[in-house]
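Working notes, structure below.
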Amino acid sequence: MRLTPILGAVQGILGGTFDPPHVAHLVAAEAAYRQFGLNGVTFLPAGAPWQKAGRPVSSADHRWEMTQLAIADVPYFDADDREVRRDGWTYTADTLASMDDDARVLLILGADAALGLPTWHRYEEVLDRAQIAVVPRPGVDPSAFDSALAAE
């Protein structure tokens with residue numbers, strides 16, 4: 001994972017479609033929790049994931065239930081349903097804007113998702129509001145994230 005040093009209490013956020021949540025999600029959350037000394041990691045299932053438009057996705061309620069089951073035995077993991085309850089497309093910028101202004105957030109992204117960050121709706125707001133931890137993925141050069149942001 002790459003990240004500039006963090007000081008003080010920080011909450012990890014791991015968002016996604018979670019269709020279904022799987023071991024790699026749990027491993028990424030666990031690694032971030034331990035490596036960065038997070039207060040905990042909150043899983044945020046996307047209500048209507050705009051990046052999956054036109055593709056079949058299980059219902060938001062079903063994905064919410066699967067996410068709760070996947071994290072049930074880990075005391076420092078929790079789930080937040082604000083995206084599942086939101087009408088319309090789900091955007092990370094809106095989710096971060098709905099959090100307390102003084103909340104310190106570490107957004108945990110797989111390297112593949114991180115490379116696409118410049119295509120996200122209001123991605124500059126995401127970068128202003130959260131620090132980013134990039135989890136390595138096979139076949140994705142970790143330095144490509146910095147290059148993708150620099151190209152914008």
Would you check if there is a residue in the range 13-20 being more than 17 Å from the chain's Cα centre (by Cα), assigned to a loop (DSSP other than H, G, I, E, B), surrounded by 14 or more Cβ atoms within 10 Å (Cβ to Cβ) and not polar (S, T, N, Q)?
no
Only listed residue being closer than 16 Å to Val41 by Cα, open to solvent by 40 Å² or more (accessible area, probe 1.4 Å) and either in a loop (DSSP other than H, G, I, E, B) or touching a Cys at 6+ places or on another chain (Cβ under 9 Å) (or both), chosen from Asp101, Asp73:
Asp73
Given the conditions (1) touching a helix residue (DSSP H, G or I) at 6+ places or on another chain (Cβ under 9 Å); (2) exposed (fewer than 14 other Cβ atoms within 10 Å of the Cβ); (3) modelled with pLDDT under 95, every one holds for Asp61 apart from (3)
Under 6 Å between Cβ atoms, at least 6 apart or on separate chains: pull out the pairs that start in the range 1-26 with a residue that is under 16 Å from Leu106 (Cα atoms) and charged (D, E, K, R) and end on any residue that is outside any loop (DSSP other than H, G, I, E, B) and at pLDDT 50 or above.
Arg2/Val134
Selection from the range 104-113 of residues that are touching a helix residue (DSSP H, G or I) at 6+ places or on another chain (Cβ under 8 Å) and in a helix (DSSP H, G or I)
Ala111
Regarding the range 128-144, can at least one residue be identified that is closer than 14 Å to Ala28 by Cβ and part of a helix (DSSP H, G or I)?
no
Against the definition (within 13 Å of the chain's Cα centre (by Cα) and not acidic (Asp, Glu)), how does Trp64 come out, yes or no?
no
Of everything in the range 114-127, what is of a type outside the set (Ser, Thr, Tyr), part of a helix (DSSP H, G or I) and either at pLDDT below 90 or in contact with a helix residue (DSSP H, G or I) (Cβ under 6 Å, 6 or more places away or on another chain) (or both)? Give them in sequence order.
Ala114, Leu115, Leu117, Pro118, Glu125, Val126
Go through (1) surrounded by fewer than 15 Cβ atoms within 10 Å (Cβ to Cβ); (2) of a type outside the set (Asp, Glu); (3) touching a helix residue (DSSP H, G or I) at 6+ places or on another chain (Cβ under 9 Å) for Ala53 and report which single condition fails.
(3)
Out of Arg34, Arg82, sole residue that is under 15 Å from the mean Cα position of the chain (by Cα) and at pLDDT 95 or above:
Arg82
If you take the residues in the range 82-93 that are open to solvent by less than 50 Å² (accessible area, probe 1.4 Å) and free of Cβ contacts under 8 Å to residues at least 40 places away in the same chain, which one is farthest from Asp128 (Cα to Cα)?
Val84
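The values are calculated or read from the model by the stated rules, or taken from the named source; none is laboratory data. Since this is a predicted model, take the numbers as computed values, not measurements. With ideal geometry, Cβ positions are generated from the backbone for all residues, glycine too; neighbour counts draw on all protein chains shown. For accessibility, only protein heavy atoms count, side chains too; no ligands or nucleic acids. Shrake-Rupley method; radii C 1.70, N 1.55, O 1.52, S 1.80 Å.
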